[in-house]
1. How about region 31-60: which of its residues are touching a strand residue (DSSP E or B) at 6+ places or on another chain (Cβ under 7 Å), of a type in the set (Gly, Ala, Ser) and farther than 14 Å from Glu97 by Cβ?
2. Mind checking which residues of region 61-73 are buried (at least 17 other Cβ atoms within 10 Å of the Cβ) and either over 13 Å from Met103 (Cβ atoms) or touching a Ser or Thr at 6+ places or on another chain (Cβ under 9 Å) (or both)?
3. Restricting the search to region 36-47, which residues are closer than 15 Å to Val68 by Cα and either surrounded by fewer than 14 Cβ atoms within 10 Å (Cβ to Cβ) or without any contact (Cβ under 8 Å) to a residue 12 or more places away in the chain (or both)?
4. Kindly list the number of the only condition in (1) among the charged types (D, E, K, R); (2) part of a helix (DSSP H, G or I); (3) at pLDDT below 90 that fails for Lys81.
5. Which ones in region 12-50 are closer than 11 Å to Leu119 by Cα and part of a loop (DSSP other than H, G, I, E, B)?
6. Looking at region 84-125, which of its residues are surrounded by fewer than 16 Cβ atoms within 10 Å (Cβ to Cβ), small (Gly, Ala, Ser) and either at pLDDT 95 or above or farther than 30 Å from Glu32 by Cα (or both)?
7. Failed condition for Ile75, given (1) over 11 Å from the mean Cα position of the chain (by Cα); (2) modelled with pLDDT of 95 or more, with all others met?
8. Look through region 52-72, keep the residues that are assigned to a helix (DSSP H, G or I) and closer than 14 Å to Arg108 by Cα, and return whichever of them is farthest from the chain's Cα centre (by Cα).
Amino acid sequence: MSSLFSDKSNFLLLTNSALEKSKESLQDILKELASQIRPFPGFLNMQTIQAIEIPVPKEYSDKYGCVVVLPNGEINEIILKTIPAPESLGEIDQTEEYLELDMPIIERIVYLYNAIITLSEINSD
């Protein structure tokens, strides 16, 4: 009788498949949670940027910049830049840029999980 595990190369394929399914499920949960939070909080209490910073374990903190959840449930790195502005606006302005993160699936799962916990706490308030 042949088993799915008789070929050792199947272990890696099955593991990767399970991780991919977990990632997709967590992403769906996060999108649903984000859709329930209205109004969505401002990043650093700014009204112009709607984003929630995701706390991450120490081992990931140096790999990426500031990672946030957006109102659509997507996870991105946010980059804030100051730019010169007209004097009537206070001489400086800011722009924000959102970068998609290219990370290994296991790290994505950690970020998704932490985002879900963070949004759950906000949603229960």
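The values are calculated or read from the model by the stated rules, or taken from the named source; none is laboratory data. Computed from a predicted structure; not experimentally measured. Because the Cβ atoms are built from the backbone with ideal geometry, glycine has one as well, and the counts that use them run over all protein chains shown.
1. Listed by number, the residues that qualify are Ala34, Gly42.
2. Val68, Val69, Leu70, Gly73
3. Gly42, Leu44, Asn45, Met46
4. With (1) among the charged types (D, E, K, R); (2) part of a helix (DSSP H, G or I); (3) at pLDDT below 90 applied to Lys81, the lone miss is (2).
5. Ile37, Phe40, Pro41
6. Listed by number, the residues that qualify are Ala85, Ser88, Gly90, Ser120.
7. In the conditions (1) over 11 Å from the mean Cα position of the chain (by Cα); (2) modelled with pLDDT of 95 or more, Ile75 misses (1) alone.
8. Initial filter on region 52-72 (assigned to a helix (DSSP H, G or I)): 58-60.
Subset that is closer than 14 Å to Arg108 by Cα: 59-60.
On the way: Glu59: 16, Tyr60: 13 Å.
Checked region 52-72; the qualifying residue farthest from the chain's Cα centre (by Cα) is Glu59.
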